[in-house]
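One structure is given here, and the rest of the page talks about it.
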Amino acid sequence: MKLGERLVKNLARRNMEAFYCPDKETAIAKVTELMPEGSSVTWGGSMSIRDMGLTDAIAASGRYEVFDRDKAAGPDEVQEIYRKAFGCDFFISSANAMSEDGEIVNIDGNGNRVAAITFGPKNVIFVVGINKVCQDCEAAVKRARSTAAPINAARFNIETPCHIDGVCHNCNSKDCICNFIHILRNSPKGRHKVVIVGEPLGY
């Protein structure tokens with residue numbers, strides 16, 4: 001796909017190694033190829049990586065030390081895994097949106113995901129469906145706030161205006177999930193890798 005090829009080149013200019021995979025199965029193989037056996041691995045709250053089967057494949061492989069918050073016994077253990085993420089070899093995330101020239105946009109309520117993307121884990125791997133690609137950074141931020149955030153608010157069943165009508169109100173609700181808006185422009189020391197998938201993933 002021409003767009004995928006262009007994204008790989010544009011991400012390389014931002015010091016991010018990128019790969020285009022035509023489908024989910026190829027993407028799962030690529031991500032596991034990038035992580036040496038014995039690596040410590042965790043991930044954010046992305047539904048994309050769960051729905052495509054990536055997290056299950058990593059856990060079932062037996063090749064990695066996995067910190068899986070989905071299997072945590074309670075809130076305290078979840079918080080412990082959040083903190084362990086900063087010392088992991090690999091942190092896996094998707095993105096709420098990405099511009100055609102390679103800027104990656106994520107919105108966070110608690111900040112744990114964007115904090116790990118910014119600093120801590122030795123490597124960050126993004127897995128991004130082609131449906132998340134927008135013309136420019138402004139459009140990417142708009143997509144994150146107007147498309148992804150209302151759907152996530154409904155998924156978490158939280159009391160925000162966007163949960164009620166599906167429209168971003170630029171709110172200051174106590175349950176707001178748009179507390180942190182993160183734009184990754186360039187990768188310091190090349191610690192970010194991007195796997196672009198030529199299929200829709202997530203929302």
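The values are calculated or read from the model by the stated rules, or taken from the named source; none is laboratory data. Computed from a predicted model, the values in this text were never measured in an experiment. Cβ: placed from backbone, ideal geometry, glycine included. Neighbour counts: every protein chain shown. Surface accessibility is based on the protein's heavy atoms, side chains included, excluding ligands, DNA and RNA. Shrake-Rupley method; radii C 1.70, N 1.55, O 1.52, S 1.80 Å.
Does at least one position in segment 160-170 carry a residue that is touching an Asp or Glu at 6+ places or on another chain (Cβ under 6 Å), open to solvent by 50 Å² or more (accessible area, probe 1.4 Å) and of a type in the set (Asp, Glu)? Step through it out loud before you land on a result.
Step one: of segment 160-170, the residues touching an Asp or Glu at 6+ places or on another chain (Cβ under 6 Å) are 160.
This time we only want the ones that are open to solvent by 50 Å² or more (accessible area, probe 1.4 Å), so: none.
No, there is no match, as no residue in segment 160-170 is touching an Asp or Glu at 6+ places or on another chain (Cβ under 6 Å), open to solvent by 50 Å² or more (accessible area, probe 1.4 Å) and of a type in the set (Asp, Glu).
Pick from Arg185, Arg145: which is touching a residue at least 12 places away in the same chain (Cβ under 8 Å) and either in contact with a Gly (Cβ under 7 Å, 6 or more places away or on another chain) or open to solvent by 60 Å² or more (accessible area, probe 1.4 Å) (or both)?
Within the list Arg185, Arg145, the selection yields Arg185.
Let's see how each residue does on (1) within 18 Å of Pro200 (Cβ to Cβ); (2) at pLDDT below 95; (3) of a type in the set (Lys, Arg); (4) open to solvent by less than 10 Å² (accessible area, probe 1.4 Å):
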position	(1), (2), (3), (4)
Phe67	no, yes, no, no
Asp76	no, yes, no, no
Gln79	no, yes, no, no
Ala85	no, yes, no, yes
Cys88	no, no, no, yes
Ser93	yes, no, no, yes
Glu100	yes, no, no, no
Ile107	no, yes, no, no
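Residue-wise test of (1) among the hydroxyl-bearing types (Ser, Thr, Tyr); (2) under 20 Å from Leu54 (Cα atoms); (3) at pLDDT 95 or above.
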| residue | (1), (2), (3) |
| --- | --- |
| Val127 | no, yes, yes |
| Ser146 | yes, no, no |
| Cys162 | no, no, no |
| Cys171 | no, no, no |
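If I ask for residues that are more than 15 Å from Ile130 (Cα to Cα) and in a helix (DSSP H, G or I), which ones from segment 11-24 would you list? It would help to see each step written out before you state the result.
Start the filter on segment 11-24 by keeping residues that are more than 15 Å from Ile130 (Cα to Cα), which leaves 12-17.
Passing the criteria: Ala12, Arg13.
Output the number of residues of segment 176-203 satisfying the condition of being in a loop (DSSP other than H, G, I, E, B), touching a Phe, Trp or Tyr at 6+ places or on another chain (Cβ under 9 Å) and of a type outside the set (A, V, I, L, M, F, W, C).
Filtering segment 176-203 for residues in a loop (DSSP other than H, G, I, E, B) gives 176-179, 185-187, 191, 198-203.
Then drop every residue that is not touching a Phe, Trp or Tyr at 6+ places or on another chain (Cβ under 9 Å), which leaves 177, 198.
Those left that are additionally of a type outside the set (A, V, I, L, M, F, W, C): 198.
Final tally of qualifying residues: 1.
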Inset, instruction - Taking Ser173 as meeting all but one of (1) open to solvent by 10 Å² or more (accessible area, probe 1.4 Å); (2) outside any helix (DSSP H, G or I); (3) among the polar types (S, T, N, Q); (4) under 30 Å from Ser39 (Cβ atoms), write down the number of the exception. - result: (4)
Legend entry - Residue check for Ile117: of a type in the set (Val, Ile, Thr), in contact (Cβ under 8 Å) with a residue 40 or more places away in the chain, in contact with a strand residue (DSSP E or B) (Cβ under 6 Å, 6 or more places away or on another chain) and over 16 Å from Gly45 (Cβ atoms): no
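Out of everything in segment 3-25 that is farther than 23 Å from Arg185 by Cα and touching a residue at least 12 places away in the same chain (Cβ under 8 Å), what residue ends up being surrounded by the fewest Cβ atoms within 10 Å (Cβ to Cβ)? Give the steps one after another, and end with the answer.
Step one: of segment 3-25, the residues farther than 23 Å from Arg185 by Cα are 22-25.
Subset that is touching a residue at least 12 places away in the same chain (Cβ under 8 Å): 22-24.
Working: Pro22: 14, Asp23: 11, Lys24: 19.
Looking at the filtered set, the residue picked out is Asp23.
So in segment 129-138, with the set limited to residues that are of a type outside the set (Val, Ile, Thr) and under 17 Å from Pro200 (Cβ atoms), which one is surrounded by the fewest Cβ atoms within 10 Å (Cβ to Cβ)? Talk me through it step by step, then tell me what you get.
Residues of segment 129-138 of a type outside the set (Val, Ile, Thr): 129, 131-132, 134-138.
Narrowing the set further to residues that are under 17 Å from Pro200 (Cβ atoms) leaves 129, 131-132, 134.
Values: Gly129: 22, Asn131: 16, Lys132: 27, Cys134: 20.
So, considering only residues that are of a type outside the set (Val, Ile, Thr) and under 17 Å from Pro200 (Cβ atoms), the one surrounded by the fewest Cβ atoms within 10 Å (Cβ to Cβ) is Asn131.
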Inset, instruction - May I ask you to list the residues in segment 77-98 that are touching a strand residue (DSSP E or B) at 6+ places or on another chain (Cβ under 6 Å) and not aliphatic (A, V, I, L, M)? - result: Lys84, Cys88, Asp89, Phe90, Phe91, Ser93, Ser94, Asn96
